[in-house]
1. What do you reckon, is Arg114 without any contact (Cβ under 8 Å) to a residue 60 or more places away in the chain and surrounded by 14 or more Cβ atoms within 10 Å (Cβ to Cβ)?
2. If you check Ala97, Ala82, which single one turns out to be exposed (fewer than 12 other Cβ atoms within 10 Å of the Cβ) and of a type outside the set (D, E, K, R)?
3. Which one is surrounded by the most Cβ atoms within 10 Å (Cβ to Cβ) among residues in the stretch 57-79 that are of a type in the set (D, E, K, R) and under 12 Å from the mean Cα position of the chain (by Cα)?
Amino acid sequence: MGLAASIRRIAGAVLIMTVLGGATAPGSLDLDFEGLRSAKGLIQICLTANPKGFPDCKADSSAITRTLKAGQRSTRFDALAAGDYAVSVIHDENANARLDTFAGIPREGFGFSRNPVITFGPPGFNSARFAVGTAPVKQTVRFRYFL
């Protein structure tokens with residue numbers, strides 16, 4: 001057997017193992033922000049695939065957190081495994097690394113993937129959930145302010 005035939009056989013075997021093994025390319029998320037009332041402070045982001053880690057990422061050791069300057073209007077997450085995710089964001093205007101509240105009402109802006117209706121408290125994971133596969137995904141989060 002010649003060298004060219006051996007290379008073709010190896011390439012074919014690799015292709016078959018990839019297809020049968022279910023290997024998929026990692027996905028990506030492009031996250032855009034709308035409605036920031038100022039460029040003051042920071043944007044705190046929580047990206048999680050674990051419903052127990054939503055919305056603050058504290059109960060999910062594999063969650064991805066990111067901090068951006070509030071003037072930045074977008075970010076990208078690469079190399080995401082396929083699955084369901086949810087995003088929560090805070091406009092931390094005074095950069096104290098938490099959502100400030102008054103009588104339980106947020107004093108700073110916040111938002112979630114899929115922009116679910118907000119009633120009392122944050123939405124559940126399923127309301128903000130979106131799927132990531134091999135194709136790039138885009139989510140636009142609208143910031144909301146109560147005070």
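1. Considered against the rule, which asks whether it is without any contact (Cβ under 8 Å) to a residue 60 or more places away in the chain and surrounded by 14 or more Cβ atoms within 10 Å (Cβ to Cβ), Arg114 comes out as yes.
2. The unique qualifying residue is Ala97.
3. Only one residue tops the list, namely Arg66.
Laboratory data are not the source of any read-out in this text; all were calculated from the coordinates shown. Keep in mind the model is a prediction, meaning the values are calculated, not measured. Because the Cβ atoms are built from the backbone with ideal geometry, glycine has one as well, and the counts that use them run over all protein chains shown.
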